[in-house]
Amino acid sequence: MDNKKRIKVIISMMGLDGHTSGALVVAQILKDSGIEVVYLGTYQTPEMIVAAAIQEDVDAIGISFHASNHFLIEEIIELLRNKGKEDILVFCGGTIPEQQIPKLKEKGVDEVFTPSCTSESIVEYIKSKIRR
Amino acid sequence: MKRETDYGHTLKAVYTPKDIEGFDYERDLADPGLSPYTRGYYPEGYRSRMWTQRMTAGLGSSQDTNKVLHKYREMGQRGGMCVIADRPTALGIDSDHPIGRKEAGVLGWPGGSLAEFEELMEGIPLTGQSITLLGSSAHSMIRLAYVFALAEKRKVNIEEVHGGVLEYPYGSLFGQDDNQPLDLTMKLFLDASEYAIRNKFHLRAGILSQHFQESGGNNAQALALEMAMLNEICSFLVNERGLDFDDVAKLPYELVSIGTRFFEEIAKIRALRRMWVKLAKGKFKAKKEESCRLLISVHTSGRTMTYQQPLNNIVRTAIQTLAGAVAGCTAIDNATLDNAHAEPSALAARMSLNTQHIVADETGAADVVDPLGGSYFVEYLTNQVEEEAYKIWNKIEELGGMSGAIKKEYIQNMLREEIIKKHRQFETGERTIVGVHKLVIPSEEDFKIPIQEVQASDSENIARRMEELKKTRNIPLVKEKLGQLYNDAKKENRYNLMPSVIEAVKAYASEGEIIGVIRLARGLSYDPFKMITCPFDF
């Protein structure tokens, strides 16, 4: 793979969640750190997100949740698996109760960022996991 | 550490009479109960009317939310109830919609049909307390129809029901779960408002700055936006709908978000009262004094509730509640200590209600009206936030008012920039949050609060209930009423759809059907997500 290619990440909301502040901030943080961000915005279905991920050839998908039905993210992982795209990392963040984090990771979510994480921790995570 | 207001105005160490030079008590403040109402609307303040002490409810099924409403009454909710709709409802789709069924009952009450409202209100009176229903703008027209229909069923005079059910059309801009195009939400909002005003309902419309501020906007911007929104809505109702301003003025209520910047939050509310008087008297030539008193409710800020050391949030809520009480308001509903984790647990809700009662009964803050009136600092801040807000508001008006400024993306950009600026200020430590930037503890040492979890099976049950309703209602009647609505929605834009929406609601047409049919008549897809089609043909 071309070493000079920038890391490319989708940041999206999913389902019916309209609370965009978190996603906007994370998209900006990643952009500022040199990561290419495809911001999909609100009301995205798992199908739309996976289609965009394949079309845009991204390295990772980040989903922002605000007190939502977090388990919708499992559908993304299943779709990626069906399409043979398990190499695309899936992470999420938002108001997610701590107790639900192990359950999400069990389902294949690579990392879960709670509101207590710093900007650097998200950037570092992506840069250490993805080397292009 | 920054020593400036949340809108970036540098603060001095001390304020003196020089900072409010030219101050004129009668002109700038006046006694409580007298114009310009800076000090509040009632000469006796909370002695004559205690603020409504309430909590927002809504999670799981209608039955679950009904239980919570009963529980809140037991816990000490006084004067009014407040329920927020779930996401599918807010977005105009039914709980049996392919996407809706995954999120029904999440983040709110599934208000998809009159049947749900009837179950929600089981054993809860429509009168003797204020009825506040939140959600999204398009759905608010249907909420108004629910209240109307249930009052009729219970043989309650609708004029005796009071509260706030309608909701402003701009919410989709401010991170709300709202997806209808602005011209559609505006039309429906004006239809419902006009209907409520002409029929002398005492059910108000929320023109809210809370959503904007909770998304990350600052105090001066929130104040400016509130005025711009009020100005645009009132202008439409007066100029386009031919209503008298003194009738229109009975419609709006404002929900202010109160953060932890204690004095600034108080100044903001005092300035808002003064600015509304100027608009009501200056532009709209209000004839009645009552029209110059804008109803102001307070929501303590969920945005300030931290994930780390959640017990700290009890302290924050207490400070914010005290600010709301000192500023003078008609109702307070609180954020809860677990806001950054999940929906409110029973414990967190109880703490929030207790906080209000402690402020009301123990601190003495409810004994004296506008206790900070005359403070050099607070008067200075009140003037300052008003001045800043006028600058932003004028800019919005230059761009063609609220709708014009939205079209030119001015509002969206202002909010986006402010969100990112705030985030940077917190990350760089220019502004400090205890437990996040200082006095940080390892998460394993943190107190574990109870968590209100959401189960996917709950959503599926709500979806099945909607499917069942759709099979068991009088289907020819539903079709007839929806057909009428479809025809009416095809008429000129100003033809009021409220009567046919009420008829459809009474026939148990669902919300997704009602909004879908209106959308269809206006050339939009029946389903905003384009996954299902209209089950009826007209």
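Just checking, does the stretch A:79-89 include any residue being at pLDDT below 95 and either within 11 Å of another protein chain (Cβ to nearest Cβ) or within 22 Å of residue B:452 (Cα to Cα) (or both)?
No - not one qualifying residue is present in the stretch A:79-89.
Let me confirm something: among B:430, B:387, which residue is surrounded by fewer than 17 Cβ atoms within 10 Å (Cβ to Cβ), part of a loop (DSSP other than H, G, I, E, B) and more than 14 Å from chain A (Cβ to nearest Cβ)?
On the way: B:387 fails: part of a loop (DSSP other than H, G, I, E, B).
Result: B:430 is the single residue among B:430, B:387 that is surrounded by fewer than 17 Cβ atoms within 10 Å (Cβ to Cβ), part of a loop (DSSP other than H, G, I, E, B) and more than 14 Å from chain A (Cβ to nearest Cβ).
In the stretch B:57-115, what residues are surrounded by fewer than 21 Cβ atoms within 10 Å (Cβ to Cβ) and at positive phi?
Answer for the stretch B:57-115, where residues must be surrounded by fewer than 21 Cβ atoms within 10 Å (Cβ to Cβ) and at positive phi: B:76, B:79.
So, of the residues in the stretch A:58-77 that are within 14 Å of chain B (Cβ to nearest Cβ) and part of a loop (DSSP other than H, G, I, E, B), which turns out to be farthest from residue B:105 (Cα to Cα)?
In this case the residue turns out to be A:66.
Could you please find all residues in the stretch B:145-179 being out of contact with any His (no Cβ under 9 Å at 6 or more places or on another chain), polar (S, T, N, Q) and touching a residue at least 60 places away in the same chain (Cβ under 8 Å)?
B:179, the sole residue that qualifies.
Can you confirm whether the stretch B:368-376 contains a residue that is within 24 Å of residue B:81 (Cβ to Cβ) and modelled with pLDDT of 95 or more?
no
Within the stretch B:67-85, can one find any residue that is within 14 Å of chain A (Cβ to nearest Cβ) and either in a loop (DSSP other than H, G, I, E, B) or modelled with pLDDT under 90 (or both)?
Within the stretch B:67-85 (the criterion being within 14 Å of chain A (Cβ to nearest Cβ) and either in a loop (DSSP other than H, G, I, E, B) or modelled with pLDDT under 90 (or both)), the answer is no, since none of the residues qualifies.
List the number of the failed condition for residue B:197; all other conditions in (1) crowded, with 22+ Cβ neighbours inside 10 Å; (2) closer than 23 Å to residue B:282 by Cα hold.
(1)
Note down all Cβ pairs under 6 Å where the first residue falls in the stretch A:5-22 and is part of a loop (DSSP other than H, G, I, E, B), the second is surrounded by 24 or more Cβ atoms within 10 Å (Cβ to Cβ) and β-branched (Val, Ile, Thr), and they're at least six residues apart or on different chains.
Final answer for the pair search is A:14/A:63.
Residue by residue through the stretch A:90-105, note down the ones that are over 20 Å from residue A:19 (Cβ atoms) and within 14 Å of chain B (Cβ to nearest Cβ).
A:99, A:102, A:103
Exactly one condition in (1) more than 11 Å from the chain's Cα centre (by Cα); (2) crowded, with 21+ Cβ neighbours inside 10 Å is not met by residue A:64; state its number.
In the conditions (1) more than 11 Å from the chain's Cα centre (by Cα); (2) crowded, with 21+ Cβ neighbours inside 10 Å, residue A:64 misses (1) alone.
How many of the residues in the stretch B:158-176 are charged (D, E, K, R) and part of a loop (DSSP other than H, G, I, E, B)? Walk me through it before giving the result.
Restricting attention to the stretch B:158-176, the residues satisfying the condition of being charged (D, E, K, R) are B:159-160, B:167.
Narrowing further to those that are part of a loop (DSSP other than H, G, I, E, B): none.
Residues that pass the stated criteria total 0.
Okay, residues lined up against (1) in contact with a Phe, Trp or Tyr (Cβ under 7 Å, 6 or more places away or on another chain); (2) in contact (Cβ under 8 Å) with a residue 24 or more places away in the chain; (3) assigned to a loop (DSSP other than H, G, I, E, B):
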position: B:420; (1), (2), (3): no, no, no
position: B:444; (1), (2), (3): no, no, no
position: B:450; (1), (2), (3): no, yes, yes
position: B:457; (1), (2), (3): no, no, no
position: B:466; (1), (2), (3): no, yes, no
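Does at least one position in the stretch B:343-363 carry a residue that is more than 26 Å from residue B:70 (Cβ to Cβ), surrounded by fewer than 23 Cβ atoms within 10 Å (Cβ to Cβ), touching a residue at least 40 places away in the same chain (Cβ under 8 Å) and more than 20 Å from the chain's Cα centre (by Cα)?
yes
Identify, please: which residue in the stretch B:437-465 is within 9 Å of chain A (Cβ to nearest Cβ) and crowded, with 19+ Cβ neighbours inside 10 Å and is, among those, farthest from residue A:101 (Cα to Cα)?
Taking the candidates together, the pick is B:459.
Within the stretch B:283-330, take every residue that is of a type in the set (Ser, Thr, Tyr) and more than 16 Å from residue B:252 (Cα to Cα) and give me the one that is surrounded by the most Cβ atoms within 10 Å (Cβ to Cβ).
Selected residue: B:300.
Is there a residue in the stretch B:140-159 that is closer than 21 Å to residue B:192 by Cα, within 14 Å of chain A (Cβ to nearest Cβ) and out of contact with any Gly (no Cβ under 6 Å at 6 or more places or on another chain)?
So far as the stretch B:140-159 goes, no, none of its residues is closer than 21 Å to residue B:192 by Cα, within 14 Å of chain A (Cβ to nearest Cβ) and out of contact with any Gly (no Cβ under 6 Å at 6 or more places or on another chain).
Name the single residue that is nearest to the chain's Cα centre (by Cα) among those in the stretch B:405-443 being among the acidic types (Asp, Glu) and closer than 23 Å to residue A:119 by Cβ.
Checked the stretch B:405-443; the qualifying residue nearest to the chain's Cα centre (by Cα) is B:418.
Among the residues of the stretch B:1-31, which ones are within 18 Å of residue B:376 (Cα to Cα), in contact with a Lys or Arg (Cβ under 9 Å, 6 or more places away or on another chain) and surrounded by 12 or more Cβ atoms within 10 Å (Cβ to Cβ)?
The answer is B:5, B:11, B:19, B:28, B:29, B:30, B:31.
Away from chain B (no Cβ under 14 Å) and of a type in the set (Gly, Ala, Ser), is that true of residue A:108?
yes
Has the stretch B:104-127 got any residue that is part of a strand (DSSP E or B), more than 18 Å from the chain's Cα centre (by Cα) and in contact (Cβ under 8 Å) with a residue 12 or more places away in the chain?
No, the stretch B:104-127 contains no residue that is part of a strand (DSSP E or B), more than 18 Å from the chain's Cα centre (by Cα) and in contact (Cβ under 8 Å) with a residue 12 or more places away in the chain.
How many residues does the stretch B:333-363 contain that are among the aliphatic types (A, V, I, L, M) and assigned to a helix (DSSP H, G or I)?
Going through the stretch B:333-363 one residue at a time, the tally reaches 9.
For the stretch B:462-489, give me each residue that is farther than 15 Å from residue B:517 by Cα and charged (D, E, K, R).
B:464, B:465, B:467, B:468, B:470, B:471, B:473
For the stretch B:158-171, how many residues are within 17 Å of the chain's Cα centre (by Cα) and surrounded by fewer than 23 Cβ atoms within 10 Å (Cβ to Cβ)?
The qualifying residues number 2.
Search the stretch A:84-132 for residues being of a type in the set (S, T, N, Q) and outside any helix (DSSP H, G or I), and hand back the single one that is farthest from residue B:448 (Cα to Cα).
Ranking the candidates gives A:118 first.
May I ask you to list the residues in the stretch A:24-57 that are away from chain B (no Cβ under 14 Å), assigned to a helix (DSSP H, G or I) and crowded, with 19+ Cβ neighbours inside 10 Å? Spell out the reasoning first.
Going residue by residue through the stretch A:24-57, those that are away from chain B (no Cβ under 14 Å) are A:34-36, A:38, A:40, A:50-57.
Now restrict to residues that are assigned to a helix (DSSP H, G or I): A:50-56.
Passing the criteria: A:50, A:53.
Exactly one condition in (1) part of a helix (DSSP H, G or I); (2) farther than 21 Å from residue B:300 by Cα; (3) more than 14 Å from every other protein chain (Cβ to nearest Cβ); (4) touching a residue at least 12 places away in the same chain (Cβ under 8 Å) is false for residue B:185; which is it?
Unmet for residue B:185, out of (1) part of a helix (DSSP H, G or I); (2) farther than 21 Å from residue B:300 by Cα; (3) more than 14 Å from every other protein chain (Cβ to nearest Cβ); (4) touching a residue at least 12 places away in the same chain (Cβ under 8 Å): (3).
The values are calculated or read from the model by the stated rules, or taken from the named source; none is laboratory data. Quick caveat: nothing in here was measured; it's all calculated off a predicted structure. Virtual Cβ from ideal backbone geometry, glycine too; neighbours counted across all protein chains shown.
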